[in-house]
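Below is one structure, written out as structure tokens; comments come after it.
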Amino acid sequence: MLPNLLLSFSDWNPQFFREVKGRLKNRNLTLTVLSSLLVQFALLFYFWAALPTPKLTTSSRYCTGKETYSWNDCVLDAQGNVLVNWQNWWADVFQALTWMLPFILLIAGVYLLISDLAKEEQRGTLNFIRLSPQTSQTILIGKLLGVPLLVYLGVLLAVPLHLWSAVHSGIDTAELISLYLVVPAITCTFYTAAIFYAFLGAAHGWLGAVLVCGVYAIFSSIWQRSRYSPGQDFANFPFWYHLPIMSNLGLLVAFTLGSCAVTTFWFWQTINRRFCNPNLTLISKRQSYAMTICVEVFILGFVFRDMGEGEYYQPIYDLFVLIVLSSSWFLVLIAALTPHRQTLLDWARYRQTRTSSRKVKVTKAALRDWMFGENSPAIAAIALNLLLAIAIFTPWILTWGQPTQQLHGLVSLLLNATFLLICAAIAQLILFSPSKKRSVFALAIVGGLIAIPPIMMMTVGVRPDQGSLPWILSGFAFAAIESTSKMTILLGLLGQMLVLTGLTARLNHQLHRAGESEMKALMAEKPHIQST
């Protein structure tokens, strides 16, 4: 029966069968089962040791007497034993397992996926897998299901204890079901993100695990706060498009599942594209436009919330937060869309061939190539993405009551968009250079351009509320927009436009020269090729 079962696995997904054969060894299975049972026993022993005793404990969380400072006085029965509130005890066991099991599932799974793909890449077996007749989706699904297989087994062995503690602690069935819906969705999102991270060239699984640990801590705090302190706000976003997602379990689960589904979908599109052709950019320009719409619509929803009594609403500060979040997305987009040197050389040679042989309708073809071409520079695509973001934010800004605030909001978006285009142009110029460490230089220079000017200005005492021109020229122009004169804003905008024009002209010049050089080299080789 077992050979037939393994054969069915092999027919369904050969990559998953390969992972199963490599990981389900007797030694691995024994260690996984023993580790899971040992952790469960240690957890129960820890809580068992916390139970009150007649001689040593006078008050405890698990006693049944009068409550004093969140602790209960211990009450003895007729035989001298402490009356224990077992419901509270099992509730604490349930909470500990609820925090621990997803933590192990995410940290261990992400670490294994990143490490496995890094080893496959170093050994060259990943390229061998690419040449197999399997589809990329089949291979990636096999990796997602097979690599963390022992982690799945260890967590599943603890599920009966989790369910038992939920029943004895009186946990609501709806909340229990919500956990078993949300955890797999979040796990799928983090696992696809781990593969995406590995395809970026990351070889250190521990670093990915650390990042996941931080994100999990934040998300876990939000979830716990929203479920067990529904009357309080956490992180000041209890609403999303006026929906009370932080105080309604059904809305919170639907919001989480929807967010995970969209995020997983885009991660899946990215890793599938990267797996099929590692030389392509992480995402295509067409995909970037849809991604930007999803991101901007998502973050915009948090500004639509119900105001408390006596609370004064200043939408300009919400816009500042949106600009910071949106800028973070666009920095990721610049890294994902910007092609490297060899790709641009091939594109420049192709453009030189087309323009030399066909002069008619070159403008429309060039525009289409810059907007949607796979190998063209990313500046035009970044500009179109920024226009999409501005178009999404503008209707909300126009609903503000005061025209002055509307003007400040629109100008803040424009200054931020121009600065991000400058960053994109600088990154493209550096990645087109012949330096071997151009990626490191691009990251360092763009990061320095964003972080160093504000730090220096704050160090010398130039604050944003002074309305100075250097703040308008920096990436934090929105912080000084309310205290800046119209002339200073105009000068700042003109300065950014001049810098952007110079950078794009420089890039076009380099691309033109590179295309001509490549064409001359090809023309010089043609006689040699014909003579041979």
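Evaluation of residue 262 against the conditions (1) open to solvent by 60 Å² or more (accessible area, probe 1.4 Å); (2) modelled with pLDDT of 80 or more; (3) over 27 Å from residue 393 (Cβ atoms) shows that the sole unmet condition is (3).
Is it the case that residue 78 is small (Gly, Ala, Ser) and at pLDDT 85 or above? Spelling it out, it is not the case that residue 78 is small (Gly, Ala, Ser) and at pLDDT 85 or above.
Every test in (1) under 27 Å from residue 505 (Cβ atoms); (2) of a type in the set (S, T, N, Q); (3) open to solvent by 30 Å² or more (accessible area, probe 1.4 Å) is passed by residue 416 save one, and that test is (3).
Look at the stretch 341-374 and say how many of its residues are outside any helix (DSSP H, G or I) and at pLDDT below 75. Count: 4.
Under the condition of being in contact (Cβ under 8 Å) with a residue 60 or more places away in the chain, among the β-branched types (Val, Ile, Thr) and either in contact with a strand residue (DSSP E or B) (Cβ under 8 Å, 6 or more places away or on another chain) or in a helix (DSSP H, G or I) (or both), the residues counted in the stretch 105-152 number 7. Set side by side, the residues 420, 469 differ, and just one is within 27 Å of residue 392 (Cβ to Cβ), hydrophobic (A, V, I, L, M, F, W, C) and either without any contact (Cβ under 8 Å) to a residue 60 or more places away in the chain or out of contact with any Gly (no Cβ under 7 Å at 6 or more places or on another chain) (or both), which is 420.
Scanning for something in a helix (DSSP H, G or I), open to solvent by 60 Å² or more (accessible area, probe 1.4 Å), farther than 21 Å from residue 511 by Cβ and among the basic types (Lys, Arg), does the stretch 444-464 turn up at least one residue? Looking through the stretch 444-464, none of the residues is in a helix (DSSP H, G or I), open to solvent by 60 Å² or more (accessible area, probe 1.4 Å), farther than 21 Å from residue 511 by Cβ and among the basic types (Lys, Arg). Evaluate the following for residue 46: is it among the hydroxyl-bearing types (Ser, Thr, Tyr) and without any contact (Cβ under 8 Å) to a residue 12 or more places away in the chain? It is true that residue 46 is among the hydroxyl-bearing types (Ser, Thr, Tyr) and without any contact (Cβ under 8 Å) to a residue 12 or more places away in the chain.
The values are calculated or read from the model by the stated rules, or taken from the named source; none is laboratory data. Quantities reported herein were computed from a predicted structural model and do not represent experimental measurements. Virtual Cβ from ideal backbone geometry, glycine too; neighbours counted across all protein chains shown. Just so you know, the surface numbers come from the protein's heavy atoms only, side chains and all, with ligands and any DNA or RNA stripped out. Shrake-Rupley method; radii C 1.70, N 1.55, O 1.52, S 1.80 Å.
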